Amino acid sequence: MNMNRNYPDGWNIQTSVLEGGEYPLSEPETDAVAHFIMAHKNIGTLNDLHTNAGVLIRPYSYQDDTNIPNLDMEIYKQFGEMGKAETGYDLVGVYEAFATPNAPARRGCLDDWTYENYGILSLTTELWDLSAKAGIGKEEGNYYPDQYKTEEEELTMLKWNDAHLKGKNFIRWKAFEHPQLGEVEIGGWNWKYTAKNPPIPYLEEECEKVSRMLIKQINF
């Protein structure tokens, strides 16, 4: 279940049910967020904080930019310039930058719903990017974080981990006797605290720069 597939905009039974819930706002958490927004008509901007692509993303998630009015696109462009200055992150459209053969168009996203239905300047900030921090560039026009990494890129990330995290976030593989599977090996990246989220030594830096952007967004 993915909470950011459970909002009404773009949700449909054919494409959403596997990760988007039984029906739009079926989950108490998303229902609470949606009703808070509906009850507060003074909300003019929104930022949905996620990890881990190191990028600012804007609507839409399931249709291309021809569906965004030119004036809105200009506002997003100006915001992108400010966001880039504060965070170093590019601002991109989700549909163009994240849809890949292994990651099809997303439906039921919060920022799509608030933008489409309430005219709220809505974005998602994907904090942190291990690959970029290790010096690995993004594929042209594709910001989706969970892409296949070559052996050379994996080694580059391991070297960064050794140099900056004293090797702590990669666990050496070792044999383990599994009660059902027999002998297996366990180890590898401590992924939640290395790629999915900033390692602790980098958390303050990441939060500080994004907070500066959010403060400016409120007054944008």
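The values are calculated or read from the model by the stated rules, or taken from the named source; none is laboratory data. Nothing here was measured: the structure is a model prediction, and the numbers come from that model. Cβ: placed from backbone, ideal geometry, glycine included. Neighbour counts: every protein chain shown. Note: accessible area is taken over every heavy atom of the protein model, side chains too, but ligands, DNA and RNA are not part of it. Shrake-Rupley method; radii C 1.70, N 1.55, O 1.52, S 1.80 Å.
For the chain, what does -39500 (n - 2.57) per DSSP helix run (n ≥ 4), summed and divided by total residues, give at 222 nm, in deg cm²/dmol to the nearest 500? Before the final figure, lay out the partial values.
Working: 8 runs with 89 residues, N = 220.
After summing the helix terms and dividing by the residues of the chain, the value is -12500 deg cm²/dmol.
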Quiz prompt | Under 14 Å, Cβ to Cβ, from TYR62 - net charge with Lys/Arg +1 and Asp/Glu -1 | solution = -4
Practice problem: Under 30 Å Cα to Cα from LYS138, which lysines show up? Leave out anything in the same chain fewer than 8 places away. | Solution: LYS77, LYS84, LYS149, LYS159, LYS166, LYS168, LYS192, LYS196, LYS209, LYS216
Quiz item: Roughly how big is segment 8-70's charge dipole about its Cα centre, with Cβ charges of +1 (Lys, Arg) and -1 (Asp, Glu), in debye to the nearest 20?
Solution: 260
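Is there a quick way to get the dipole size of the chain? I mean about its Cα centre, with the Cβ of Lys and Arg at +1 and of Asp and Glu at -1; what is the value in debye to the nearest 20? Display every interim value, and only then the final one.
Working: 20 positive and 35 negative charges, 111 e Å.
Roughly 540 debye for the chain.
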Practice problem: Roll a 1.4 angstrom probe over the protein heavy atoms and tell me the percent of accessible area of segment 39-78 that is carbon or sulfur. | Solution: 50
Exercise. Go through HIS35, TYR7, PRO24 and say which Cα lies farthest out towards the positive end of the charge dipole of segment 4-76; charges sit on Cβ, +1 for Lys and Arg, -1 for Asp and Glu.
Key: HIS35
Self-check item: segment 106-220: relative contact order in percent, alpha carbon pairs under 8 Å with at least 6 residues between
Solution: 20
Quiz item: Residues of the chain: accessible area per residue at 1.4 Å, in Å²?
Solution: 58
